[in-house]
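Q: My questions all concern the structure below.
Values quoted throughout were computed directly from the atomic coordinates according to the rules given, and no laboratory measurement underlies them. Worth saying up front: this structure is predicted, and the values here are computed from it rather than measured. Backbone-built Cβ (ideal geometry, glycine too); neighbour counts: all protein chains shown.
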Amino acid sequence: MTTTMSKPEAGPEFATAKEKWLHAYRQMVRIRLFEEQVNELYTRALMPGLAHLYSGEEAVAVGVCEALRRDDYITSTHRGHGHCLAKGATPDRMFAELLGKEAGYCRGKGGSMHIADPATGNLGANAIVGGSVGIATGAAFTAKHLGTDRVAVCFFGEGALGQGSLYEVMNLAQLWKLPVIYVCENNMYNEYTHYAETTAGTILGRATAFGLEAASVDGQDVRAVNEVVSRLVKRARSGGGPAFLQCDTYRYSGHHVGDINREYYRSKQEEHVWKTERDPIKVLSEWLRIPVLTRWSRTFMPERELTFAQAVREALAEEMRRDSRVCIFGEDVAEAGTPFKVLSGLVEEFGSERVVDTPISEAGFTGVGVGAAMTGLRPVVDIMFGDFITLTMDQMVNQAAKAHYMSGGHWKVPMVMRTTLGATRRSAAQHSQSLHAWFSHVPGLKVVLPSTPYDAKGLLKTAIRDENPVVFFEDKMMYKLKGPVPEDDYTIPLGLADVKRAGDDITLVATSSMVQVALGAAILLEKEGISAEVVDPRTTWPLDEKTLIDSAKKTSRVIVLDEGYGRYGVTAELAAVIAEGAFYDLDAPVKRMGAMHVPIPFSPPLEDVTVPTEETVFDAARQLCGKG
Ligand SMILES: Cc1ncc(C[n+]2csc(CCOP(=O)(O)OP(=O)(O)O)c2C)c(N)n1
Ligand SMILES: [Mg+2]
């Protein structure tokens, strides 16, 4: 039977059902081939940053976007190439973006995880899990408010079910009858953790609780996805309100390209079944009775010194052995040992009762950490990227930091938050920030910034033994840095600066990763006859003002370096302390060097100029010493 099908407004018209599904087939193959190219570029080290491949999930993006008009909105995720292409983006500009080029969709400033394309209604991919649920809901609000019949689709992985903001916006969307469809791509894994371990109750139950129209569908069957989404879109366009769609699907490769195959969380057998029996392209080709056109992705394999990561792990292991109250909460901290592998091996020794994998619920598990600390445990809460501390702010600032003082000293909160800072991984602005100044600003929190493996071990052990909250920032670029670390049970007091190199002509006060930069600059300066002293405060609070001021008085010239933003940041505070304490001994104003006041760009050449380097510090120091 021949039926006339049409893609709503601005899309191609299809004379027959077969034509429509051939078009969908091509769209899926296009996405698959695109991802294969990404994989190839990446494995040949031609692509910066990280990419999360969509291979295996094509039927969801294509099934959904084929039910949308070009002017409808979508928001996407870190695994977003398929969404962008299905909504109408072109591969050339996508590749340009992935390579950090001016010709890319975001002029190279966003990269793989942040592609946005206003021309096709794509409000943007987002590297924060659950980060775009508000944006999609807001777009639906605009559509309704302006009297248009546009709808918004919010794509997210089942990992985002752990984020409270999803429930806040679903409540609003239902109360206000907004034309938004929440599409949950359930590929069963939150990185390396099965969703059954992170999801209480049912997925759909979370939407029906708010009265949303809710459905689930085989996400490998593009026709089934398209049919149900078309119904939900029609309903939303005509004022029927929001809906929630669970699409069961599977990702074929590692969590991101280049990720080693981690067999402990899913078996080769499971992968094989999905790839051979449930492949979305195969499913449709069988229905169309055409041969499968795509080639399949290849397998993605691509005195005692310790690394910084090993030193952190050793500190944790020693403290966990010493004190059974010490436990770890966080995303993928157990078998995976975190994406940076910092915690590898701990769950094997201490068990999953003490090394606890959590849902992607930073606010939730940080809050649990605060309560557990108040009632007798000593939790170490792991926030994978420092950028995600934004999600924990109330728990840290209003709860953890206040409990001791506001209870008249009754409560103690012996909790450590470990997280990362630092740019230069081509990870773009939501995975590159150094936000330690925020916590340094809050009385009740101590803030630690280790710069060597030795300091990392000694400071972390002290932090875990502290009776109140400590935030411990690790620069992710330093995890592989090697240095001497004693096997002994040593600790380093918080609030004690360290002179990392003695000098006479200029003081470089530097924190975290900037200590290594300052030491490199000091070697360059030495060749110019300038003797630089490098002072590392090690903690921004408590702050060892005396060591800083004494060094400034000795050398009379100071540069303060920190990877956080220069404006209103740590450098401002340190410079003020030195100016107040050593004013009459200074021969020049204190110079500050930090990250430029821009979101950290994805594009490698742009990213490279946003943070101080050995060369820029060298130039600044020469100038300050009158040799520039
Ligand atoms: C708020 C936040 N927490 C943690 C992460 C680190 N992270 C990136 S992807 C990911 C897993 C996401 O799982 P899911 O939502 O199911 O998407 P999938 O990768 O399976 O497509 C995690 C934990 C993040 N990007 N954002
Ligand atoms: Mg998932």
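Q: Testing the spin-label approximation: label points 7 Å from Cα along Cα→Cβ at THR613 and VAL598. State their distance in nm.
A: Rounded to a tenth, the inter-label distance reads 1.4 nm.
Q: Here's a follow-up. Antiparallel versus total DSSP beta bridges in region 498-624: what percent is that, nearest 5?
A: Within region 498-624, antiparallel bridges account for around 20 percent of the total.
Q: By how many nm would the segment from TYR568 to GLU349 grow when fully extended, if each residue of separation counts as 0.36 nm and the alpha-carbon distance is taken off?
A: Extra length available between TYR568 and GLU349 comes to 74.5 nm.
Q: I need the peptides 61-74, 321-334 ranked by packing, meaning the mean over residues of other C-beta atoms within 10 angstrom, with the highest value on top.
A: So the order, starting with the most tightly packed, is 61-74, 321-334.
Q: Next question, about the same structure. Across region 2-288, how many lysine pairs, 8 or more positions apart or on different chains, have C-alpha atoms separated by under 19 Å? Please give the number.
A: The result is 13.
Q: I've got another one for you. Can you bin region 2-288 into rounded, prolate or oblate? Criterion: square roots of the alpha carbon gyration tensor eigenvalues sorted a ≥ b ≥ c, rounded for a/c under 1.5, prolate for a/b above b/c, oblate for the rest.
A: Rounded, because the longest to shortest axis ratio a/c is under 1.5.
Q: Let me ask something else. Which Cα, out of TYR565, GLN310, ALA45, lies furthest along the positive dipole direction of the chain (beta carbon charges, K/R +1, D/E -1)?
A: Value computed over the given set: ALA45.
Q: Aspartates and glutamates within cross-link reach of LYS412: Cα-Cα under 20 Å, excluding same-chain residues under 8 positions apart?
A: Reachable aspartates and glutamates: GLU319, ASP323, ASP382, ASP394, ASP466, GLU467.
Q: Within region 384-398, name every residue whose backbone N is under 18 Å away from a label modeled 7 Å from Cα of HIS441 along the Cβ vector.
A: Under cut-off, by backbone N: 386-398.
Q: Related question: Suppose a student asked you for the relative contact order of region 2-288, using Cα pairs under 8 Å spaced at least 6 residues apart; what percent would you report?
A: Here the relative contact order equals 21 percent.
Q: What distance in nm separates the simple spin-label points at SER407 and GLN623, each placed 7 Å from Cα in the Cβ direction?
A: Each label point is offset 7 Å from its Cα along the Cβ direction, giving 5.1 nm.
Q: Still on this structure, I have one more. Dipole magnitude of the chain about its Cα centre, charges +1 at Lys/Arg Cβ and -1 at Asp/Glu Cβ only, in debye to the nearest 20?
A: My answer is approximately 1560 debye.
Q: Using +1 at the Cβ of each Lys and Arg and -1 at the Cβ of each Asp and Glu in region 382-497, identify which of SER440, ALA429, MET417 lies farthest towards the dipole's positive end.
A: With unit charges placed on the Cβ atoms, the residue in question is ALA429.
Q: Go ahead and run the numbers for FRET between LYS268 and TRP176, Cβ-Cβ distance against an R0 of 35 Å, rounding to 0.05.
A: The calculated FRET efficiency here is 0.15.
Q: Continuing with the same structure: Based on the Cβ-Cβ distance from ASP149 to ALA576, what FRET efficiency comes out when R0 is 56 Å, to the nearest 0.05?
A: After rounding, the FRET efficiency stands at 0.50.
Q: Report the FRET efficiency, 1/(1 + (r/R0)^6), for ALA119 and THR276, where r is their Cβ-Cβ distance and R0 is 41 Å, rounded to 0.05.
A: 0.60
Q: Sticking with this structure for a sec: Calculate how many DSSP beta bridges within the chain are antiparallel, expressed in % of all such bridges and rounded to the nearest 5.
A: 20
Q: If you don't mind, another one. Mind checking which lysines have their Cα closer than 29 Å to the Cα of LYS554? Skip sequence neighbours fewer than 8 apart in that chain.
A: Qualifying lysines at Cα under 29 Å: LYS446, LYS500, LYS527, LYS546, LYS591, LYS627.
Q: A further question follows. GLU102 to ALA200: extension gain in nm, 0.36 nm per residue of separation minus the Cα-Cα distance?
A: Roughly 30.9 nm would be gained on extension.
Q: Sticking with this structure for a sec: Roughly how many nanometres apart are two label points built 7 Å out from the Cα toward the Cβ at THR43 and GLU305?
A: With each label placed 7 Å out from Cα toward Cβ, I get 3.1 nm.
Q: Tell me what the chain gives for mean residue ellipticity at 222 nm when only DSSP H runs of n ≥ 4 count, each as -39,500 (n - 2.57), the sum divided by the residue total, rounded to 500 deg cm²/dmol.
A: Roughly -11000 deg cm²/dmol at 222 nm, from the helical runs in the chain.
Q: Once you have the Cα-Cα distance between ALA588 and ASP323, take 0.36 nm times their residue separation minus that, and quote the gain in nm to one decimal.
A: Computed gain between ALA588 and ASP323 is 90.4 nm.
Q: Tally the DSSP beta bridges in region 2-288 and give the antiparallel ones as a percent, rounded to 5.
A: Among the beta bridges of region 2-288, antiparallel pairing accounts for roughly 20 percent.
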